[in-house]
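Peer 1: The structure under discussion is supplied below as structure tokens; questions concerning it will follow.
The values are calculated or read from the model by the stated rules, or taken from the named source; none is laboratory data. Since the model is a prediction, treat every value here as computed from it, not as a measurement. Backbone-built Cβ (ideal geometry, glycine too); neighbour counts: all protein chains shown.
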Amino acid sequence: MALRTAHTIQSTYLFLALFICATLLLAVSSNTRYLATVEIGLRFIVQPITYIANLPHKATEQIGYYFDSVAELQLRNDELELNLSQLSATTAELDQAKATIAQLQTVLGASAPIQAQHVLAEIVYVNPSRQRQEVTINVGLNQGVTDDNGVLDPWGVFGQTVEVFPNSSRVLLANDERHATPVLVKRTRRYFVASGNGPNELLTLDNVNLSADVQIGDEVVTSGLGGIFPEGLNVGVIVATNDIVAESIKHVTVAPHARPDAKSYLRVIVMDSVRE
Amino acid sequence: MSDLRGWALFICSMFVALVLSVAPLPFDAPNWLKNLRPDWLVLIWFFWIVFQHERCSLIVAFGVGLLLDVLFGDPLGLNSLLLVSLIYVGRYALRWIEPSVGLRSSIALVILCFLVTAIKSLVQFITLDVQIQLGYILLPVLATFLCWIPFIPALNSKHSQFRAGVH
């Protein structure tokens, strides 16, 4: 009996010590970056867990490729070649446009826009948390990525980096409830903020006045405000507008172009702060 | 169960629970399905508390909690705090559970799982500004309870053996 009581007391002391320790860790890690090194070490330990967790998914993909028929592969190849030729033409046009813009800037004496470089990245881990739309990508500080860099997929704005480690970064997706992107409607050049609404949900434009000229089908692009995304990147297309007369606002829904399910390469926009 | 085999099973179950906790679902999976992911760590720890509570080390729970923090992108310490508290409270609940393992362990699991999920959501709301939704809390609890049902016969047989040994 005495032994059991001693054991219980010992266990209580240990519990209290660990409880206090965890609370301190929680307080420090949620308010400062002092524990970043510890987190990097722990990330190394959890790598086998994430690798094994992703195995079934990867295996399904590989088996899918294996059983693709030659005709399907040929079709896919043809599509890619067509895309490549179209992109080559677009690139040539863009180069020409860039040269014209540079000439005009010289004539007008205007400053050059902020130069942005792209770092190619791949998704290595999808955060399983139900409440948060986050992924981890395989580039970080060593590749020049910093906090609050914009991330794009081939179709549009994907999200932004929120935490950067030496060789990986955590990306908050554009449809996360905590994410907001400064945007403009291409047709009218009216500025808005597009907010995420959680998993599988569309984006919404905040505080749209009842009299604002927005129509279904309008393209929404980044406005360049906020310094995370340059102007003109595809965000989405307006798919619904509802007037809320009582609040004198319009509820505008935007279908994002980004496709997180496509598992394609991502581009991290690394803004060059030095202006030419 | 030999001690070595028991420990091996304990470690394997923890590893499997961690893997299941982070196994990816398709991006376009419906929200209800995403919300129905059971809290595997709570389930497995609670099973071991009821099955062989002497294996449930507070220090191991603290370490597993840290790994979970990194895997879920939570502030360091959050899951450690919850797991350590779960084990401590779970051990105290054992005396109440033992007379009727099947029913009472299920009730205790639902209550503890609800508390763990609710506290986690509250801390995430404070520290990460993640909105609290009832579906995020209740559906995982329901899924955890449903996954708990297959464990009940094992616990019942273990406790009936124990009682037979005593008498």
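Peer 1: Working carefully through the options B:I49, B:I59, find the one that is crowded, with 17+ Cβ neighbours inside 10 Å and either more than 11 Å from every other protein chain (Cβ to nearest Cβ) or among the aliphatic types (A, V, I, L, M) (or both).
Peer 2: B:I49
Peer 1: Could you go through the stretch A:132-155 and let me know if any residue there is touching a His at 6+ places or on another chain (Cβ under 7 Å) and not aliphatic (A, V, I, L, M).
Peer 2: Yes, the stretch A:132-155 contains at least one residue that is touching a His at 6+ places or on another chain (Cβ under 7 Å) and not aliphatic (A, V, I, L, M).
Peer 1: While we're looking at this one, here's another question. Kindly establish whether A:S129 is small (G, A, S) and facing chain B (nearest Cβ under 9 Å). If you could, list the steps in order and put the result at the bottom.
Peer 2: Details: small (G, A, S): yes; facing chain B (nearest Cβ under 9 Å): yes.
Criteria met by A:S129.
Peer 1: Let me ask something else about it. Failed condition for B:F27, given (1) more than 10 Å from chain A (Cβ to nearest Cβ); (2) surrounded by fewer than 23 Cβ atoms within 10 Å (Cβ to Cβ), with all others met?
Peer 2: (1)
Peer 1: Please give the number of the condition A:P260 fails out of (1) in contact with a Leu (Cβ under 9 Å, 6 or more places away or on another chain); (2) within 30 Å of A:I101 (Cβ to Cβ); (3) touching a residue at least 60 places away in the same chain (Cβ under 8 Å).
Peer 2: Answer for A:P260: the failing condition is (2).
Peer 1: So in the stretch A:160-210, with the set limited to residues that are on the phi > 0 side of the Ramachandran plot and in contact with a helix residue (DSSP H, G or I) (Cβ under 9 Å, 6 or more places away or on another chain), which one is surrounded by the most Cβ atoms within 10 Å (Cβ to Cβ)?
Peer 2: Checked the stretch A:160-210; the qualifying residue surrounded by the most Cβ atoms within 10 Å (Cβ to Cβ) is A:G198.
Peer 1: Within the stretch B:95-104, is there a residue that is β-branched (V, I, T) and either under 27 Å from A:Y51 (Cβ atoms) or within 12 Å of chain A (Cβ to nearest Cβ) (or both)?
Peer 2: First, the residues of the stretch B:95-104 that are β-branched (V, I, T): B:97, B:101.
Among the residues that remain, those that are also either under 27 Å from A:Y51 (Cβ atoms) or within 12 Å of chain A (Cβ to nearest Cβ) (or both) are: none.
Checked the stretch B:95-104: no residue is β-branched (V, I, T) and either under 27 Å from A:Y51 (Cβ atoms) or within 12 Å of chain A (Cβ to nearest Cβ) (or both).
Peer 1: For the stretch A:45-58, indicate whether the set of residues that are more than 30 Å from B:I87 (Cα to Cα), under 25 Å from the mean Cα position of the chain (by Cα), facing chain B (nearest Cβ under 8 Å) and at pLDDT 85 or above is non-empty. Quick ask: steps written out before the conclusion?
Peer 2: Within the stretch A:45-58, the subset more than 30 Å from B:I87 (Cα to Cα) is A:55-58.
Still in the list and also under 25 Å from the mean Cα position of the chain (by Cα): A:55-58.
From the residues that got through so far, the ones that are facing chain B (nearest Cβ under 8 Å) too are A:56-57.
Checking the rest, the ones that are also at pLDDT 85 or above come to A:56.
Checking the stretch A:45-58: at least one residue is more than 30 Å from B:I87 (Cα to Cα), under 25 Å from the mean Cα position of the chain (by Cα), facing chain B (nearest Cβ under 8 Å) and at pLDDT 85 or above.
Peer 1: Would you please name the residue that is nearest to the chain's Cα centre (by Cα), looking only at residues in the stretch B:17-42 that are under 21 Å from B:D69 (Cβ atoms) and without any contact (Cβ under 8 Å) to a residue 12 or more places away in the chain?
Peer 2: So the residue we want is B:V19.
Peer 1: Being more than 8 Å from chain A (Cβ to nearest Cβ), part of a loop (DSSP other than H, G, I, E, B) and either polar (S, T, N, Q) or in contact with a Gly (Cβ under 6 Å, 6 or more places away or on another chain) (or both), is that true of even one residue in the stretch B:106-113?
Peer 2: Among the residues of the stretch B:106-113, not one is more than 8 Å from chain A (Cβ to nearest Cβ), part of a loop (DSSP other than H, G, I, E, B) and either polar (S, T, N, Q) or in contact with a Gly (Cβ under 6 Å, 6 or more places away or on another chain) (or both), which makes the answer no.
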